[in-house]
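Report on the structure given below.
The values are calculated or read from the model by the stated rules, or taken from the named source; none is laboratory data. These figures come from a predicted structure and were not determined experimentally. We place every Cβ from the backbone using ideal geometry, glycine too, and count neighbours over all the protein chains shown. Keep in mind that these areas ignore ligands, DNA and RNA; they rest on the heavy atoms of the full protein, side chains included. Shrake-Rupley method; radii C 1.70, N 1.55, O 1.52, S 1.80 Å.
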Amino acid sequence: MTEKTVADAVSAYGASLKPKLSNPAIGGAPEDQLRGPLERLVHELAELAKYAAGSVHLVGETSLADIKTRPDFAVTVNNALVGFIEVKQPGKGADPRHFSDPHDKDQWNKLKSLPNLLYTDGNAFSLWQDGVLQGKVVLLDGDVVSSGAKLGAPASLLPLINNFLTWAPIAPPNARRLAEVSARLCRLLRDEVVEQMARGSEGLTALAKDWRKLLFPEADDAQFADGYAQAVTFGLLVARALDIPLTGGIHQAAYELRKTNSLIGTALGLLTDDEANQQALKTSLQTLTRVLNEVNWHTISKDKPEAWLYFYEDFLEVYDNTLRKKTGSYYTPPEVVSAMVRLVDETLRGPLFERHAGLASADVTIADPAVGTGTFLLGVLRHIASTVANDQGEGAVRGSIAAAAQRLVGFELQFGPFAVAQLRLIAEMQTLMKTNDGDLPHVPELRLFITNTLGNPFVEEETLVQVGAVAKSRRDANTIKKTQKITVVIGNPPYKEKAKGRGGWIEAGTKGRPSPMSWWTPPNGWGVGAHAKHLKNLYVYFWRWATWKVFGSGLNASTGLPDKDEEGIVCFISVAGFLNGPGFEKMRDDLRRSCSDIWVVDCSPEGHQPNVPTRVFQGVQQPVCIVLAAKKLAKDNNKPARVRFHALPKGRREEKFKALEQLSFHGTDWEDCLTGWRDPFSPAATGAWSSFPQLSEFFTYNGSGVQPGRTWIIAPDSLSLGSRWESLASEADPDRKEQKFHPHLRDGVPGDKHIRKIVKDAVRGHEHRPGPIIFDRGPVINPIRYGYRTLDRQWIIPDVRVINQLNPTLWNTHSNHQVYLTGVISSITKIRTGNHIHRLCSGLRPL
């Protein structure tokens with residue numbers, strides 16, 4: 001019997017396809033007609049590549065046009081998943097980089113995360129591994145539509161198929177490569193969750209509902225998908241770090257993980273146990289388990305905790321680099337952490353607290369409210385180990401670390417960094433507690449919690465499971481927030497401006513009581529209300545939580561609980577706007593009343609947007625500072641805290657790190673700051689400069705400029721504004737008119753100004769039309785000159801119905817004799833009727 005050849009297999013493939021593809025009477029998509037013959041072709045080529053008959057299986061998926069994350073075939077060899085095949089309509093080609101159809105392009109952006117993927121349109125075949133083309137696209141000789149049995153095969157076809165079938169996951173050689181691999185597969189899982197929820201997956205929809213009840217009340221489907229994907233991916237990574245195999249499936253791995261890490265193990269099992277969910281997400285879940293099972297963390301890390309140091313940053317860079325910006329998460333350099341921990345220890349040992357063991361003191365509890373990957377708690381453990389070894393000898397370290405573990409608390413909102421923190425802390429404690437004989441100690445249970453630090457600790461929400469580690473974590477965290485004394489809060493709170501609505505209970509409070517944040521809202525009589533919007537920032541919310549928890553600031557007002565005399569320290573590195581911004585006057589007032597001493601370290605003496613090599617956080621352009629605020633017992637609230645200031649040297653970040661290493665509160669290079677309750681946390685001016693009047697004393701108004709909220713009402717000439725208005729006013733379709741108006745949407749509903757809004761107030765000195773814009777068919781209200789930017793005079797429509805925030809004081813006090821000063825680099829303008837700037841510059845902050 002003649003042995004079958006590649007040419008024979010391809011000829012038979014072509015012969016079976018021609019009648020299917022050339023007959024107009026056969027329905028269905030052309031690519032669907034390829035599936036059966038293609039499956040037979042792959043089986044025959046596998047046998048020609050010496051694979052045993054029946055060892056290769058193609059598991060076909062139902063062809064659904066709206067599913068982009070599930071290829072047409074999953075391929076197994078000896079029951080082990082090796083890759084996927086995506087089938088396209090004949091004529092499309094097999095190079096997805098050149099696809100023009102939006103569906104195909106979007107699908108490729110998702111599928112390129114797969115480690116082994118074969119693309120084919122029947123005529124062409126290409127192999128992609130981790131999104132990279134392997135070799136060249138292989139083209140058959142002829143066309144599957146018309147060639148029939150004459151279809152020929154190039155010599156490169158069989159090697160390509162063999163390469164595809166012989167794929168096996170390669171253990172990542174280092175932590176960065178593992179982060180990249182994990183991130184790509186996590187991203188695919190996230191996309192698959194989003195897609196399945198859009199298709200109405202009952203299991204995932206129900207799970208998302210429970211997820212919101214327990215952990216993330218405001219999470220939309222996309223945020224749930226992100227949380228789900230990270231929780232599963234990092235759950236599997238933790239399992240491998242603990243040498244738990246994944247060959248038995250995720251369910252078995254979760255069961256084993258619960259024995260050593262109940263929270264992550266329970267979450268992993270809870271998210272993946274449902275059979276329907278596993279089927280819906282099988283492309284990504286099967287690939288994840290296949291790839292991550294090869295991970296040998298001991299080889300990658302060499303059993304050193306620092307291998308995890310940059311892991312989450314590397315992960316986010318590939319997974320979703322915008323996520324870090326959205327959450328305001330930035331990795332804190334170890335040099336900064338070490339300095340902050342040392343300064344806290346120095347303060348505890350000093351006269352304010354007289355804890356001679358510093359952070360190692362038995363009555364000192366330390367919390368990081370945004371623990372991230374655990375860098376600050378690691379720094380605390382290392383400092384305790386070092387000081388105990390110096391003070392008592394190496395033999396005392398194991399006991400001190402075991403005791404310290406019960407006094408360290410960490411809160412984190414995201415599963416990814418939470419899992420990394422657990423791994424780093426476990427590895428670090430094993431290292432610090434190891435004895436000379438190499439005996440590996442039992443690591444005490446960590447007090448790390450998945451929770452929203454800013455959430456309401458006084459409300460028990462419905463739980464994801466009636467009794468379980470995830471629900472227990474939330475309850476235990478709330479108990480700590482409600483009742484446990486915290487001596488030190490230390491960390492790097494997330495930065496996110498315009499964070500209104502993201503401050504949880506700290507921002508919203510309890511019904512019938514002022515919120516903790518209202519304690520820092522400046523009274524109307526202070527005249528700085530226009531700047532209070534800058535309090536709506538995540539880092540400010542965390543500052544407020546820390547002062548509420550450690551100092552008891554506003555405790556009775558916000559909760560009804562009796563105020564108590566507390567002592568403690570808050571030490572944060574954060575952006576520096578609160579040091580001197582007018583919107584933060586009440587915050588500074590409260591800190592001066594609550595605290596005994598405050599130290600400020602200016603980490604950005606170069607100012608705003610310094611050169612990147614000079615930045616402590618290279619991705620942050622705002623000035624940052626370290627502030628340590630300390631309160632001793634029996635502090636007199638009528639005596640302001642002593643505030644001292646020190647600026648790090650200008651220059652490269654390495655020079656700043658060296659200066660931080662030498663910094664001590666006992667040094668002489670600290671300057672005393674202003675002493676007024678609301679004064680900036682900055683040194684007083686000296687010499688003749690201190691006798692000069694402040695700029696604000698020359699002006700009757702100190703606040704924001706006009707905030708139009710939409711750019712179409714501003715133009716370099718008035719004729720353009722007239723044309724734009726005419727286009728808006730003449731539009732008969734209400735929906736199109738709304739779109740042209742560009743309303744701001746709040747939860748999908750137009751907010752602030754919109755075409756149906758009736759505005760009673762007028763712009764002083766200009767025509768007022770009380771009716772809503774939807775019915776207005778008249779000409780534009782006469783535009784006027786407007787200072788859009790420094791030396792950029794444009795025109796604006798002075799219509800209160802189209803300007804989001806008018807700031808009436810500016811309009812009501814305007815005259816030809818008025819002068820305006822804007823910006824840090826100042827622009828001074830005198831107003832003249834008709835041909836000069838009419839209002840404050842919109843883009844800079846007025847003084």
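For the condition under 19 Å from A630 (Cβ atoms), open to solvent by less than 10 Å² (accessible area, probe 1.4 Å), part of a loop (DSSP other than H, G, I, E, B) and not small (G, A, S), V364 qualifies.
Contact map, segment 619-647: residues that are on the phi < 0 side of the Ramachandran plot and among the aromatic types (F, W, Y) paired with residues that are open to solvent by 70 Å² or more (accessible area, probe 1.4 Å) and not in a loop (DSSP other than H, G, I, E, B), Cβ distance under 7 Å, separation 6+ or inter-chain. Pairs shown: F645/E671.
Just give me the residues in segment 591-610 being under 30 Å from A634 (Cα atoms), charged (D, E, K, R) and open to solvent by 10 Å² or more (accessible area, probe 1.4 Å), in sequence order. So that I can check it myself, show each step before the final result.
Filtering segment 591-610 for residues under 30 Å from A634 (Cα atoms) gives 591-602.
Imposing the further condition that a residue be charged (D, E, K, R) reduces the set to 592-593, 597, 602.
If the condition is that a residue be under 30 Å from A634 (Cα atoms), charged (D, E, K, R) and open to solvent by 10 Å² or more (accessible area, probe 1.4 Å), then R593, D597, D602 are the ones that fit.
Take the conditions (1) touching a Ser or Thr at 6+ places or on another chain (Cβ under 9 Å); (2) crowded, with 19+ Cβ neighbours inside 10 Å; (3) over 23 Å from L17 (Cβ atoms); G131 misses just one of them, which is (2).
For segment 548-557, check the following and say yes or no: at least one residue is open to solvent by 10 Å² or more (accessible area, probe 1.4 Å), more than 24 Å from L352 (Cα to Cα) and not in a helix (DSSP H, G or I). The answer is no, given that none of the residues of segment 548-557 is open to solvent by 10 Å² or more (accessible area, probe 1.4 Å), more than 24 Å from L352 (Cα to Cα) and not in a helix (DSSP H, G or I). The listed residues are N782, N816, N812, N804, and the only one of them that is within 30 Å of D220 (Cβ to Cβ) and among the polar types (S, T, N, Q) turns out to be N804. Residue count for segment 222-260 under the criterion of being open to solvent by 20 Å² or more (accessible area, probe 1.4 Å) and within 18 Å of A183 (Cα to Cα): the result is 4.
For a quick check of your reading: which strands (runs of 3 or more DSSP E) sit entirely within segment 692-793 and have at least 3 residues that are open to solvent by 90 Å² or more (accessible area, probe 1.4 Å) and in contact (Cβ under 8 Å) with a residue 12 or more places away in the chain?
On the way: elements: 744-746, 749-751, 784-789.
Here the list is empty.
Which residues, taken from segment 108-127, are polar (S, T, N, Q) and either modelled with pLDDT of 90 or more or crowded, with 21+ Cβ neighbours inside 10 Å (or both)? Even if it seems obvious, please write down each step before you answer.
Step one: of segment 108-127, the residues polar (S, T, N, Q) are 109, 113, 116, 120, 123, 126.
Within segment 108-127, S113, N116, T120, N123, S126 meet the criteria.
Taking (1) modelled with pLDDT under 95; (2) closer than 17 Å to Q406 by Cβ; (3) open to solvent by less than 10 Å² (accessible area, probe 1.4 Å) in turn, V337 satisfies each apart from (2).
Kindly establish whether G410 is touching a Gly at 6+ places or on another chain (Cβ under 8 Å) and within 28 Å of L257 (Cβ to Cβ). Taking the combined requirement at face value, the residue satisfies it.
When N116, N123 are checked against the criterion of being farther than 22 Å from Q89 by Cβ and in contact with a strand residue (DSSP E or B) (Cβ under 7 Å, 6 or more places away or on another chain), N116 stands alone in meeting it.
The set of residues from segment 402-417 being part of a strand (DSSP E or B), farther than 21 Å from F315 by Cα and charged (D, E, K, R) is empty.
Quick one: would you say V488 is in contact with a Gly (Cβ under 6 Å, 6 or more places away or on another chain), modelled with pLDDT of 90 or more, more than 19 Å from F584 (Cα to Cα) and surrounded by 15 or more Cβ atoms within 10 Å (Cβ to Cβ)? No.
For (1) farther than 27 Å from M340 by Cα; (2) open to solvent by less than 30 Å² (accessible area, probe 1.4 Å); (3) touching a Lys or Arg at 6+ places or on another chain (Cβ under 7 Å); (4) without any contact (Cβ under 8 Å) to a residue 24 or more places away in the chain, each residue gets a yes or a no:
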site	(1), (2), (3), (4)
K533	yes, no, no, no
C571	no, yes, no, no
L579	no, yes, no, no
K586	no, no, no, no
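The set of residues from segment 73-99 being open to solvent by 20 Å² or more (accessible area, probe 1.4 Å), in contact (Cβ under 8 Å) with a residue 60 or more places away in the chain and among the small types (G, A, S) comprises just one member, A80. Selection over segment 154-187 of residues that are among the hydrophobic types (A, V, I, L, M, F, W, C) and open to solvent by less than 30 Å² (accessible area, probe 1.4 Å) gives a count of 12.
Looking for something of a type in the set (S, T, N, Q), surrounded by 15 or more Cβ atoms within 10 Å (Cβ to Cβ) and modelled with pLDDT of 75 or more - is there at least one such residue anywhere in segment 308-331?
Our first condition is that a residue be of a type in the set (S, T, N, Q); within segment 308-331, this holds for 321-322, 327, 329.
Narrowing the set further to residues that are surrounded by 15 or more Cβ atoms within 10 Å (Cβ to Cβ) leaves 327, 329.
Keeping just the survivors that are modelled with pLDDT of 75 or more gives none.
No, segment 308-331 has no match at all.
How many residues does segment 656-677 hold that are of a type outside the set (S, T, N, Q), part of a helix (DSSP H, G or I) and open to solvent by 90 Å² or more (accessible area, probe 1.4 Å)? Before the answer, list the steps.
Restricting attention to segment 656-677, the residues satisfying the condition of being of a type outside the set (S, T, N, Q) are 656-661, 663, 665-667, 669-674, 676-677.
Retained after the next criterion (residues that are part of a helix (DSSP H, G or I)): 656-661.
Now narrow it down to the ones that are open to solvent by 90 Å² or more (accessible area, probe 1.4 Å): 658, 661.
Of the residues in that region, 2 qualify.
Would you confirm, using the coordinates I've provided, whether T463 is touching a helix residue (DSSP H, G or I) at 6+ places or on another chain (Cβ under 6 Å), polar (S, T, N, Q) and either at pLDDT below 75 or under 19 Å from I366 (Cα atoms) (or both)?
On the way: touching a helix residue (DSSP H, G or I) at 6+ places or on another chain (Cβ under 6 Å): yes; polar (S, T, N, Q): yes; either at pLDDT below 75 or under 19 Å from I366 (Cα atoms) (or both): yes.
Considered against the rule, which asks whether it is touching a helix residue (DSSP H, G or I) at 6+ places or on another chain (Cβ under 6 Å), polar (S, T, N, Q) and either at pLDDT below 75 or under 19 Å from I366 (Cα atoms) (or both), T463 comes out as yes.
The residues listed here are V82, V145, V138; of these, the one that is out of contact with any Gly (no Cβ under 6 Å at 6 or more places or on another chain), assigned to a strand (DSSP E or B), over 17 Å from L58 (Cα atoms) and aliphatic (A, V, I, L, M) is V138.
The rows are residues; the columns are (1) at pLDDT 90 or above; (2) under 16 Å from L237 (Cα atoms).
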{"site": "L139", "(1), (2)": "yes, no"}
{"site": "G152", "(1), (2)": "yes, no"}
{"site": "T166", "(1), (2)": "yes, no"}
{"site": "P173", "(1), (2)": "no, yes"}
{"site": "R176", "(1), (2)": "no, yes"}
{"site": "A183", "(1), (2)": "no, yes"}
{"site": "E192", "(1), (2)": "no, no"}
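For P613, the conditions (1) surrounded by fewer than 17 Cβ atoms within 10 Å (Cβ to Cβ); (2) not in a helix (DSSP H, G or I) are fulfilled apart from (2).
Against the numbered list (1) at positive phi; (2) modelled with pLDDT under 90, L34 comes up short only at (1).
Within segment 491-525, the residues that satisfy the criterion of being of a type in the set (D, E, K, R) and open to solvent by 70 Å² or more (accessible area, probe 1.4 Å) are E497, K498, K500, R502, K511, R513. Every condition in (1) open to solvent by less than 40 Å² (accessible area, probe 1.4 Å); (2) assigned to a helix (DSSP H, G or I); (3) touching a Lys or Arg at 6+ places or on another chain (Cβ under 9 Å); (4) modelled with pLDDT of 85 or more holds for V295 except the one numbered (2). Of the residues in segment 361-378, none is among the small types (G, A, S) and over 22 Å from A546 (Cα atoms).
Applying the criterion of being buried (at least 23 other Cβ atoms within 10 Å of the Cβ) and among the small types (G, A, S) to the residues of segment 261-279, the residue that is modelled with the lowest pLDDT is A267. Contact map, segment 286-299: residues that are within 17 Å of D243 (Cβ to Cβ) paired with residues that are among the charged types (D, E, K, R), Cβ distance under 7 Å, separation 6+ or inter-chain. Pairs shown: L292/R240; V295/R240; W297/R240.
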